[in-house]
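As structure tokens, the structure follows; a few thoughts come after it.
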Amino acid sequence: MILYSAISVLALVFPGWRADQPDGQATQPQAQAQAPPPAPPIPVCNDYRLQYDYPLQPKQRACIYASNLLSVSAVFGAGLGAGWAQVFKTDPPQWGRGPQGYAISYGTRYAAGMAKATGEYLAAFAFHEDPRPRHSGATNALDRILYAAGTLFVDNRGCRTLPATHTVLGALSSGFSGMAFYPNGQNTVTDALKRSAMSLGGSAAYAEFFEFEPDVFRVLGKWFSPKLPKK
Amino acid sequence: MKIASLLALFALAVVEIACYPVKAYHEATPVMTLPGNPNITLAYVEFDDNGEMYDQHLCQLNDPKCTDRKTMIRPELEQTIARIQDLELHSVGANYVLFIHGWKNNADNTNNVAGFQVFLHQIYDYYSHSAAPGDPPAPLMGIYIGWRGASVKVGQDLTYWFRSDATLRVAGPNLEEALYRIIRAVKGPPPSAAAPNPTTTAKSNLIFIGHSFGGRVLEKVMTSYFESSLLAVDGDHPGCQATSAQKTIDSRFFPDLTVLLNEAAPATDAKQFLEFLKCHQITYDRTYPGYPDKPDLSNQPEASPLFLSITSEGDAATSIALPIGQTAERFTMKTRDYGDAADPPEIPNQSTYFTHSAANIPALHSHQVRLHGCAEGEVEVHLGSSNPAPYHFCEVPTAPMPGMPYWNHSPYWIAKIPVAIVPDHSDIFRPQLFNFLQFFLSKESLQTPRTRPLQRLNIR
């Protein structure tokens, strides 16, 4: 503000100062004699920092957790899952079909997703694990598939390879949270473990998609490009 | 009535909460140094949704004393120019990197604001670590051009058309003024018919980067800058006929590198500018007279890019979303067939240019980035600096070959880059991209900007 005021006063006192200086010539800027003030630090939950900072700070973990609770994929994923269950009748019959059944199914799935995010957050926080997905950097397809699957169980982002528990504990949270919603008959520990396995499978599918996402879009993008003649 | 009022209030509240405000985020302090390195300056110049710079009136307009136009200033641009002049005055040469952000970003604490600061640190570390003892590294200044690329906080994917239209307003007279003044402050005045080779005291490097919609903005503004500069010295060029004598212009007044990164723009502008370059048979090269330790480079001109348009192979936003978005917009206009006059012949209809970005039209590619050496008919490009990335930059063949582009040999370089360098549309400020760009940024010229390559435009 002081800097700006100084320039403003100079502009008023010397009206020809700016307009009359020759093009490109280095005219001494009186108001810039001293170094500019330092820039404010970037907030820790800036998207770029959430992607690249290592290790994560507690506040950054909380930001990632919060974004997982309310995200486009969480909202639409639950909606699509509930729709699928309504169409193919995979939900408990007690929930019924139609809007009410869809609402219960949607709520259950969304709650399971929140439980998964909470379980992952708490486990990663407690065991100092990094919950962010990561690329392998490998070129061999099999290596990449195995690496992506391995990220569910191994955290090798730092200089050491450590077991990753947050994915498994998150999946268990998701599976067992259903015991609060599912009707009798689908509410046993075995059912909860099945749901946990499904949840872990979802995590695995996402890890694989994350690893191959650029390549998927590279191939899809070629479909939209005007082609060069082959001969 | 009550319910309607409540709904209206609710809608207003949602708009208020969900929309980014129209304001300059850095008006109070537009120029600052980066934390941890006082030798790196960062400046913000911001534009509103109509493409106007934010200005301030120093007195009330109805004040009788307020008759002079200088009662209105644009603090961000003025302080940026003042800082450039300060650096030019007090250093033996500096490096300037100007960045225009893209969609879903603004000048607040968005992804690009943080990424650009990291990028500046990477550039500075790149050339300062190998500086000779006792020789202070050249100062670095980043200039962040902010506009309302992010308008809403929720559902940003639905704002494609609105933000695409905004780019056309941003690339207007105010931004042209800002960029041209920055160029003049760093490089001196451009040539004219009277003085085609003006004496320039320019001693600094200037790099422009536009990302996504920011690339569209940069292309629009710089295309007219390059065209007007060229026509100023070659204005009486009838059609595409060759002139009587080749003209060579010292083009040190141009930015040293202009990069369009994952540019989200229909190729219509690129196509027209490419035709202009081809019509005037313009080549752009540089030599290195200031590098006594590189005698092989001193007299051997090497082709250089006036524009470098690079897009990731994994960029779904420009390869998939842009064609879909532009196809919807195409119904609001008419396009025509080129017929036998199609040039390049692979693109017979205007609509292809309107619905694809230049880098997503293989026929326009000038180079291929390859991991395992150049293909048959291609020529590997060697620039003044070594290539730290494990890739070969190959110029396309000059004659038609099956399944390969051959047409674009202009200084508007267009290429796709592998996903290992940039994986998608947004994740750009990463070490792999900086490694790749080093191919185009001579470390020697960044270390000692006054020895940077001599750039020349040749018009045949």
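The values are calculated or read from the model by the stated rules, or taken from the named source; none is laboratory data. Quick caveat, the model's predicted, so the values are computed rather than measured. Note that each Cβ is placed from the backbone with ideal geometry, even for glycine, and that neighbours are counted across all protein chains shown. Calculation scope for accessible area: heavy atoms of the full protein, side chains included, ligands and nucleic acids excluded. Shrake-Rupley method; radii C 1.70, N 1.55, O 1.52, S 1.80 Å.
The figures follow:
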{"quantity": "Qualifying residue in region A:167-185 (condition: surrounded by fewer than 16 Cβ atoms within 10 Å (Cβ to Cβ) and touching a helix residue (DSSP H, G or I) at 6+ places or on another chain (Cβ under 7 Å))", "calculated": "yes"}
{"quantity": "Subset tally (residues that are exposed (fewer than 14 other Cβ atoms within 10 Å of the Cβ) and in contact with a Leu (Cβ under 8 Å, 6 or more places away or on another chain)) for region B:120-146", "calculated": "0"}
{"quantity": "Residues of region B:24-36 classified as part of a loop (DSSP other than H, G, I, E, B) and modelled with pLDDT of 90 or more, total", "calculated": "5"}
{"quantity": "Members of region B:147-183 found to be buried (at least 18 other Cβ atoms within 10 Å of the Cβ) and of a type in the set (A, V, I, L, M), listed by number", "calculated": "B:ALA150, B:ALA166, B:VAL170, B:ALA171, B:LEU175, B:ALA178, B:LEU179, B:ILE182, B:ILE183"}
{"quantity": "Of the criteria (1) at pLDDT 90 or above; (2) under 30 Å from A:ASP91 (Cβ atoms), which one A:TYR182 fails", "calculated": "(1)"}
{"quantity": "Counted residues, region B:392-430 - those being open to solvent by 30 Å² or more (accessible area, probe 1.4 Å) and more than 10 Å from chain A (Cβ to nearest Cβ)", "calculated": "5"}
{"quantity": "Which numbered condition B:THR352 misses (of (1) among the hydroxyl-bearing types (Ser, Thr, Tyr); (2) part of a helix (DSSP H, G or I); (3) surrounded by fewer than 18 Cβ atoms within 10 Å (Cβ to Cβ))", "calculated": "(3)"}
{"quantity": "Some residue of region A:133-145 being open to solvent by 50 Å² or more (accessible area, probe 1.4 Å), of a type in the set (Gly, Ala, Ser) and not in a helix (DSSP H, G or I)", "calculated": "yes"}
{"quantity": "Close pairs from region A:199-221: first within 14 Å of chain B (Cβ to nearest Cβ) and surrounded by 18 or more Cβ atoms within 10 Å (Cβ to Cβ), partner part of a helix (DSSP H, G or I) and not polar (S, T, N, Q), Cβ under 6 Å, at least 6 apart", "calculated": "A:GLU211/A:ARG144; A:GLU211/A:ALA148; A:PHE217/B:ALA316; A:GLY221/B:ILE320"}
{"quantity": "Boolean, A:SER173 is under 20 Å from A:GLU129 (Cβ atoms) and among the hydroxyl-bearing types (Ser, Thr, Tyr)", "calculated": "yes"}
{"quantity": "Strands (runs of 3 or more DSSP E) wholly inside region B:358-420 that include at least 3 residues being within 20 Å of B:SER312 (Cα to Cα) and touching a Ser or Thr at 6+ places or on another chain (Cβ under 8 Å)", "calculated": "B:412-417"}
{"quantity": "Residue in region B:274-297 that is within 23 Å of B:PHE393 (Cβ to Cβ), at pLDDT 85 or above and within 14 Å of chain A (Cβ to nearest Cβ) present", "calculated": "no"}
{"quantity": "Region A:34-53, residues that are within 7 Å of chain B (Cβ to nearest Cβ) and either more than 17 Å from the chain's Cα centre (by Cα) or assigned to a loop (DSSP other than H, G, I, E, B) (or both)", "calculated": "A:ALA35, A:PRO36, A:PRO37, A:PRO38, A:ALA39, A:PRO41, A:ILE42, A:PRO43, A:ASN46"}
{"quantity": "From B:TYR127, B:TYR96, residue being modelled with pLDDT of 90 or more and more than 12 Å from chain A (Cβ to nearest Cβ)", "calculated": "B:TYR96"}
{"quantity": "Residue match in region B:353-370 (condition: hydroxyl-bearing (Ser, Thr, Tyr), free of Cβ contacts under 8 Å to residues at least 40 places away in the same chain and closer than 26 Å to B:LYS278 by Cα)", "calculated": "no"}
{"quantity": "Residue that is nearest to the other protein chains (Cβ to nearest Cβ), among those in region A:222-231 that are surrounded by 12 or more Cβ atoms within 10 Å (Cβ to Cβ) and in a helix (DSSP H, G or I)", "calculated": "A:PHE224"}
{"quantity": "Enumeration of residues in region B:123-141 that are closer than 14 Å to B:GLY36 by Cβ and either under 19 Å from the mean Cα position of the chain (by Cα) or aromatic (Phe, Trp, Tyr) (or both)", "calculated": "B:TYR124, B:LEU140"}
{"quantity": "Single residue of A:ALA78, A:ALA74 found to be touching a residue at least 24 places away in the same chain (Cβ under 8 Å), part of a helix (DSSP H, G or I) and surrounded by 19 or more Cβ atoms within 10 Å (Cβ to Cβ)", "calculated": "A:ALA78"}
{"quantity": "Some residue of region A:167-177 being assigned to a loop (DSSP other than H, G, I, E, B) and aliphatic (A, V, I, L, M)", "calculated": "no"}
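Yes/no matrix, rows are residues, columns are (1) at pLDDT below 90; (2) in contact with a Pro (Cβ under 8 Å, 6 or more places away or on another chain); (3) within 19 Å of B:PHE429 (Cβ to Cβ); (4) open to solvent by 80 Å² or more (accessible area, probe 1.4 Å):
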{"position": "A:ALA39", "(1), (2), (3), (4)": "no, yes, yes, no"}
{"position": "A:ILE42", "(1), (2), (3), (4)": "no, no, yes, no"}
{"position": "A:LEU50", "(1), (2), (3), (4)": "no, no, yes, no"}
{"position": "A:ALA62", "(1), (2), (3), (4)": "no, no, no, no"}
